[in-house]
Ligand code: BTN
């Protein structure tokens, strides 16, 4: 698979990814990338780790990520300075990653299926979550982007322990929409192509923010956000140039950098 990925990248004129690993089973692709970054004396970055299955997939807020076979599960290790970024740009990188997944998935879906961004970076189709993204920065100049997309995994196979979570926040898989398998490798390469385009265009470019805003579910809606134990309520009026969410509250415009948006 490593060779297939690098061949596809060079055919499509995408960045060379010098370190690519494919595993049948891993605890977590993000843990593997972190290990590579920690232990190697010099690693050629970016590095990409793909797994067919994870036994301890990690989600945001300490949640477990359902990581069955036939999903697309991968992590990308990046040196921020190679992209002229610093740690303060992580929210923008996170937004651009979500938008790139959305654009890659959109290519495969009929136009009647509505793709959307759920700030900060979840991707939804028809109001159900199809992709989750975990952004970590183990060292000031490093970022690990962990991405899980429900592609050919059937919802009928969801283990019981995930039922309560998925009842609260329903999920969807591409195969349930398309009724046929999607080529996971091609989807991965499509993501990398969109990601490269978005990053090279400049993460704080007005176009990227406007595009993310146009797809953002929360924009134009009344939202309630818990941020550091404080509840912020108001109308979401857009996304700021630094990727934070802008909320019109009774006492003025609040800028939300992180938090759980209901
Ligand atoms: C979320 O909670 O929405 C983020 C989920 C991120 C899951 C992906 S799957 C590949 C990578 N490896 C992990 O352990 N987590 C991320």
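Just a few scattered comments:
- Counting neighbouring Cβ atoms within 10 Å and putting the fewest first, the residues 215, 163 line up as 163, 215.
- Taking every Cα-Cα distance in the chain and sorting them into 5 Å bins starting at zero, the pair-distance distribution P(r) comes out as 1, 6, 13, 17, 20, 18, 13, 8, 3, 1, 0, 0 percent.
- Once the chain from residue 255 to residue 233 is taken as fully extended at 0.36 nm per residue, the excess over their C-alpha distance is 6.8 nm.
- Here the gap between residue 107 and residue 197, fully extended at 0.36 nm per residue and compared with their Cα-Cα distance, gives a gain of 30.9 nm.
- Cα gyration tensor shape of the stretch 66-219, rounded if a/c is under 1.5, else prolate or oblate by comparing a/b with b/c: prolate
- Exposure proxy for 118, 257, 23: other Cβ atoms within 10 Å of each Cβ, ordered fewest to most, give 257, 23, 118.
- Ranked by how many other Cβ atoms sit within 10 Å of their own Cβ, fewest first, the residues 119, 66 fall in the order 66, 119.
- Gap separating the Cα centres of the stretch 131-206 and the stretch 1-62, nearest whole Å: 14 Å
Every number here is computed from the coordinates shown, using simple stated rules; none is lab data. Here the structure is a predicted model, which is why all the values come from computation and not from measurement. With ideal geometry, Cβ positions are generated from the backbone for all residues, glycine too; neighbour counts draw on all protein chains shown.
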